[in-house]
1. Which of the residues spanning the stretch 74-87 are in contact with a helix residue (DSSP H, G or I) (Cβ under 7 Å, 6 or more places away or on another chain) and under 14 Å from ILE39 (Cβ atoms)?
2. Considering only the stretch 28-87, state which residues are β-branched (Val, Ile, Thr) and not in a helix (DSSP H, G or I).
3. Would a scan of the stretch 44-64 turn up a residue that is among the β-branched types (Val, Ile, Thr) and surrounded by fewer than 11 Cβ atoms within 10 Å (Cβ to Cβ)?
4. Within the stretch 49-73, track down each residue that is touching a helix residue (DSSP H, G or I) at 6+ places or on another chain (Cβ under 9 Å) and more than 23 Å from TYR17 (Cβ to Cβ).
5. Would you check which residues across the stretch 27-51 are more than 16 Å from the chain's Cα centre (by Cα) and acidic (Asp, Glu) and list them?
6. Name the single residue, out of those in the stretch 1-26 being exposed (fewer than 10 other Cβ atoms within 10 Å of the Cβ) and not acidic (Asp, Glu), that is nearest to the chain's Cα centre (by Cα).
Amino acid sequence: MTLKDRPEVRYALWQAYQRKCAICYKDFFNYSDLQIDHIIAESKGRDSKEFQEILKKYNLPSDIDLNSLENLRPSLGKCNKLLRVAE
């Protein structure tokens, strides 16, 4: 089970963001609407030029763990889907 799928992590992120979507800032009315989003998408690919530019722009280490808590945030399903389409 990945970190983002662990119930205690999902609940902790939901609480840490005050039960709001980290993308649109709307309140979660139902915990079941919660999705966990990667701030830096896994789909960027470590070897891509875009990924390297993100690391440089935000002064991040090259060995950043994209599945760490620091790269996870709660989102509403519709917001998460919109981000995926935009990529």
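FYI, it's all coordinate maths here, none of it is from the lab. All figures in this text were calculated on a predicted structure; none of them were measured in a lab. Quick reminder, even Gly has a Cβ in these numbers, built from the backbone with ideal geometry, and neighbours come from all protein chains shown.
1. Result: PRO74, GLU87.
2. ILE36, ILE39, ILE40, ILE64
3. no
4. Hits for the stretch 49-73 are GLU50, PHE51, PRO61, SER62.
5. Within the stretch 27-51, ASP27, ASP47, GLU50 meet the criteria.
6. Going through the qualifying residues, I end up with THR2.
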